[in-house]
1. Spot the failing condition for residue 136; the list is (1) loosely packed, with under 13 Cβ neighbours inside 10 Å; (2) in a helix (DSSP H, G or I), and only one is missed.
2. Taking region 62-82 only, how many residues are at pLDDT below 90 and surrounded by fewer than 15 Cβ atoms within 10 Å (Cβ to Cβ)?
3. Can you find, within region 31-75, the residue that is farthest from the chain's Cα centre (by Cα) among those that are farther than 17 Å from residue 20 by Cα and hydroxyl-bearing (Ser, Thr, Tyr)?
4. Can you pull out the residues in region 142-166 that are part of a helix (DSSP H, G or I), at pLDDT below 90 and aliphatic (A, V, I, L, M)?
5. Mind checking whether some residue in region 116-137 is small (Gly, Ala, Ser) and modelled with pLDDT under 85?
6. Would you please list the contacts, defined by Cβ atoms under 6 Å and residues six or more apart or on different chains, that run from a residue in region 48-61 that is without any contact (Cβ under 8 Å) to a residue 24 or more places away in the chain and on the phi < 0 side of the Ramachandran plot to a residue that is β-branched (Val, Ile, Thr) and surrounded by 14 or more Cβ atoms within 10 Å (Cβ to Cβ)?
7. Just name the residue that is nearest to residue 147 (Cα to Cα) out of those in region 17-28 that are under 18 Å from the mean Cα position of the chain (by Cα) and either of a type in the set (S, T, N, Q) or in a helix (DSSP H, G or I) (or both).
8. Has region 33-44 got at least one residue that is closer than 20 Å to residue 141 by Cβ, among the β-branched types (Val, Ile, Thr) and outside any loop (DSSP other than H, G, I, E, B)?
Amino acid sequence: METLVREKGVNSFQMFMTYKDLYMLRDSELYQVFRACRDFGAIARVHAENGELVAEGAKEALDLGITGPEGIEISRPEEVGDRRRRHRAGGGTLAGMLRAIPAAGITPLCHPSAPVVYAETTTAHATLTGLHYYHQDWFHAAAYVTVPPLRLDTNTSAYLMSLLAK
């Protein structure tokens with residue numbers, strides 16, 4: 001990491017708290033990366049969904065026979081990312097992906113001694129809703145699948161757009 005930052009100009013590193021058995025880092029591994037990013041002046045970017053709960057939610061959706069695009073929203077309730085994100089926001093430099101109203105609330109909750117907390121969203125999450133997952137045309141519904149998923153709450157888009165204006 002140090003070589004990438006100092007010699008190659010890399011300024012951020014993406015970590016995952018989800019994708020169990022593939023990319024998911026344990027808490028101790030995340031802590032090591034956070035410390036390294038702090039020491040090298042890099043930004044730690046975190047996909048902050050709880051991998052254990054996402055895997056369980058996916059299993060439950062499949063057990064119910066839900067295999068369509070709507071399964072992404074059903075298997076990943078907002079709370080799956082919200083609890084872990086709030087826990088992580090307490091220190092160090094962190095970039096959080098804001099895609100739902102509860103997640104967007106982390107910025108004012110961050111520890112006062114944290115040097116910087118960057119928050120970002122995507123155009124899709126700031127302008128669309130998860131209602132598309134239930135469209136009668138499967139191809140239409142599938143075209144809107146994102147991770148984390150778009151949310152059903154029609155207020156989410158307006159709220160995220162209002163945060164971008166600040």
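The values are calculated or read from the model by the stated rules, or taken from the named source; none is laboratory data. This one's a predicted model, so the numbers in the text were calculated from it and none came from an experiment. Glycine also receives a Cβ, built like all others from the backbone with ideal geometry; neighbour counts cover every protein chain displayed.
1. Among (1) loosely packed, with under 13 Cβ neighbours inside 10 Å; (2) in a helix (DSSP H, G or I), the lone unmet condition for residue 136 is (2).
2. Qualifying residue count, region 62-82: 1.
3. Of region 31-75, the ones farther than 17 Å from residue 20 by Cα are 31-45, 63-71, 73-74.
Next, only the ones that are hydroxyl-bearing (Ser, Thr, Tyr) stay: 31, 67.
Details: 31: 17, 67: 22 Å.
Residue satisfying both the conditions and the ranking: 67.
4. So the first thing to find is which residues in region 142-166 are part of a helix (DSSP H, G or I), and the list is 142, 156-164.
Going one step further and asking which of them are at pLDDT below 90, we end up with 156-164.
Of everything in region 142-166, those that are part of a helix (DSSP H, G or I), at pLDDT below 90 and aliphatic (A, V, I, L, M) turn out to be 158, 160, 161, 163, 164.
5. Pass one, region 116-137, residues small (Gly, Ala, Ser): 119, 124, 126, 130.
Add one more test, that the residue is modelled with pLDDT under 85, and what stays is 119.
The answer is yes, given that some residue of region 116-137 is small (Gly, Ala, Ser) and modelled with pLDDT under 85.
6. Qualifying pairs under 6 Å: 61/74.
7. The extreme case among them is 18.
8. Filtering region 33-44 down to residues closer than 20 Å to residue 141 by Cβ leaves none.
No, there is no match, as no residue in region 33-44 is closer than 20 Å to residue 141 by Cβ, among the β-branched types (Val, Ile, Thr) and outside any loop (DSSP other than H, G, I, E, B).
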